[in-house]
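Worksheet: the structure to be examined is printed underneath.
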Amino acid sequence: MDPRLTSSQLRESPTESASSRDTSPMADAVMTKKLENERIENDCFEQSVVRRVFTADKITLRHVAEERVDIISEKMQVLPDEFLEELKNGLRVILDGTGGSQHREEFMILQKLVQSRSDLTAKTLVRAHRVQLEILVAIRMGIQAFLHPIVGLSQTSLIEIFLYKRCRNIACQNQLPVDDCACEICSNKNGFCNVCMCVICSKFDFEVNTCRWIGCDLCSHWTHTDCAIRDGVICMGTSTRSGTGQAEMLFRCRACNRTSELLGWVKDVFQHCAPSWNRAALMTELDMVGRIFRGSEDVKGRKLFWKCEELIEKMKGGLTEQMACRVILMFFQELEADSSKRTELGEGGRLLAPQEACKQIAEVVQEAIMKMEMVADEKLRMLKKARLAVEACDRELEDKAREVSELNLERQQKRRQIEELESIVKLKQAEADMFQLKADGPRREAEMLQKIALAKSEKSEEEFASRYLKLKLSEAEAEKQYLFQKIKLEESSRSLHSSDGNEPSQMVLKIQDLIKNVYGSSPNADCQPSERNAARKNS
């Protein structure tokens, strides 16, 4: 087994959480200020009093990047948590890069401001506010994971990351340099971690157990396969470790400048990791291996390149990933067998004896038979799988047929229920019409009685008015008679006075007493005229 693929080496393949992936620097402080202004304008009245305290000293990302640590820390102590969270969200938006070139330019400005400061030391950063420190680390590293609330790094860890004394990969967090490595890369690259970062680009990702990272056999530094191909450190050469003196594809490590052969490394990766890959991962790894050996000039490298291209085409045509994995692993075994046979034959080669030739032919035939058996087993497995799929489809069709029959039965039941409900509705409508007819008769009768009562009331009012007028008329007539008699009495009294001058006063007194008696005979002064008339007749 290749020494690179020990358990520790497999585990130490560069990893990074998705939130910790390196991001391109992007920023826009203008948009951040606009968001803050809109937030302040839309806040409720209860918060307006608090807002007035810090509106004049409002903090932006520019202030955090360029002002003194203690000043910003004091201001952040009195700011509400909502404002600080919005400040972090503004930086997250910038790091996401949704603003295009404006965000990139603003981030470059912020990062330049932070990197140019000489006062950001361990002594001053200890006094920094937690949010202030997270923003400074995120700006300097270009990683927004430091702004996430669930990332619970301590204040000391954040300071060490900012000062390049700890790995910025949250999934790694090794002290730098790792294992006190004194190579040129670890010594000269600030913040470089040889456990999880690429020697060429100094970035890390979440790829593990894959051919997309190449590890050095000697110094255990890692390099992206893409970076190695692009930088030309994968090329033909003579391996000093194999001892064959033949040219093959080699990887030259930038850290130690020594070479590692690639064919054995690819074989070990596929033997240990290929069974766990899905279809897309296997096709990606085959494509990566093809890119590695595209420029190979040795026989084994060319065969591997052609085999990868062939398997990719077959998988596009429907070949399963299990079968493709078995084929590529068998291909590696064949390459190893061919290599051992060539070693036995020697460099110059020799003629084979008939028995040995027959033996080798038998081995080739046996291998062909084994391949055919494997193909037959695969075809049989696929046939069984197809048969099981057909049976499952038949069962599903039967289930669907039962469901259809149940649905039809349920629909018929629903239809009968609807018809019953419609008949009940019609019956209730007929009953309502009947009750309406029964109610119409009494209503008409009541209306007629009301009209009769109204007519009788009007008639009785007319009769009352007529009687009342007649009574008033009779009273007026009696009053008239009374006044007429009174006048006659007065005339008679005058005549008596003229005839008897001695007795006028007595006659007048008698008349007055007579009138008083007439009015005093009724119970009250407002007696009816008819009663007064009767009293006058009695007198």
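The values are calculated or read from the model by the stated rules, or taken from the named source; none is laboratory data. All values derive from a computational prediction rather than experimental measurement. Positions of Cβ are generated from backbone atoms using ideal geometry, with glycine treated the same way; all protein chains shown enter the neighbour counts. With ligands, DNA and RNA removed, areas are computed over all heavy atoms of the protein, side chains included. Shrake-Rupley method; radii C 1.70, N 1.55, O 1.52, S 1.80 Å.
Using a cut-off of under 13 Å, list every residue of region 381-397 whose amide N is near the label point 7 Å from the Cα of residue 409 along the Cα-to-beta-carbon line.
Taking a point 7 Å out along Cα→Cβ of residue 409, no residue of region 381-397 has its backbone N under 13 Å.
Return the carbon/sulfur percentage of the accessible area of region 159-211, one whole number, probe 1.4 Å, all protein chains in place.
Here carbon and sulfur together make up 44 percent of the probe-accessible area.
Each residue of region 166-179 in order: what ³J(HN,Hα) in whole Hz does its phi give by Karplus 6.51 cos²θ - 1.76 cosθ + 1.60, θ = phi - 60°, with x for Gly and Pro?
9, 4, 6, 6, 4, 7, 10, 6, 6, 6, 10, x, 5, 6
Of the heavy-atom accessible surface of region 58-123 (probe 1.4 angstrom), what whole percent is carbon and sulfur?
Accessible surface attributable to carbon and sulfur in region 58-123 totals 48 percent.
Give me a comma-separated list of calculated 3J(HN,Hα) values for region 412-427, in order, Karplus coefficients 6.51, -1.76, 1.60 applied at θ = phi - 60°, integers in Hz, x for any Gly or Pro.
Karplus values, whole Hz, x for Gly and Pro: 5, 4, 4, 5, 4, 4, 5, 4, 4, 4, 5, 5, 5, 5, 5, 4.
Can you give me the long-range amide H partners of residue 235? Hydrogens built in the peptide plane at 1.01 Å from N, cutoff under 5 Å, separation of 5 or more residues or another chain.
250, 252
Taking R0 as 51 Å, what's the FRET efficiency between residue 126 and residue 201 from their Cβ-Cβ distance, rounded to 0.05?
Efficiency for this residue pair is about 0.95.
Take the Cβ-Cβ distance between residue 298 and residue 218 as r, set R0 to 35 Å, and report the resulting FRET efficiency rounded to the nearest 0.05.
That gives a FRET efficiency of 0.95.
With N set to the number of residues, divide the alpha-carbon radius of gyration of region 130-278 by 2.2 N^0.38 Å and report two decimals.
So region 130-278 has a normalised radius of gyration of 1.21.
Among 332, 305, 320, pick out the residue whose Cα is farthest towards the positive end of the charge dipole of region 268-341, where Lys and Arg carry +1 and Asp and Glu carry -1 on C-beta, about the Cα centre.
320
Which order do 76, 108 take when ranked by solvent-accessible area (1.4 Å probe, heavy atoms of all protein chains), largest first?
Per-residue accessible area, sorted high to low, gives 108, 76.
What pairs in 112/165; 303/384; 58/123; 267/303; 314/385; 112/189 have C-alpha atoms more than 22 Å from each other?
Those over the limit are 303/384; 58/123.
Grab the Cα-Cα distance for residue 175 and residue 449, subtract it from 0.36 nm times how many residues apart they are, and report the gain in nm with one decimal.
Here the answer is 87.8 nm.
Would you list, by chain and number, the lysines whose Cα falls below 25 Å from the Cα of residue 472, excluding same-chain residues fewer than 8 positions away?
Cα-Cα hits under 25 Å: 456, 459, 480, 486, 488, 516, 537.
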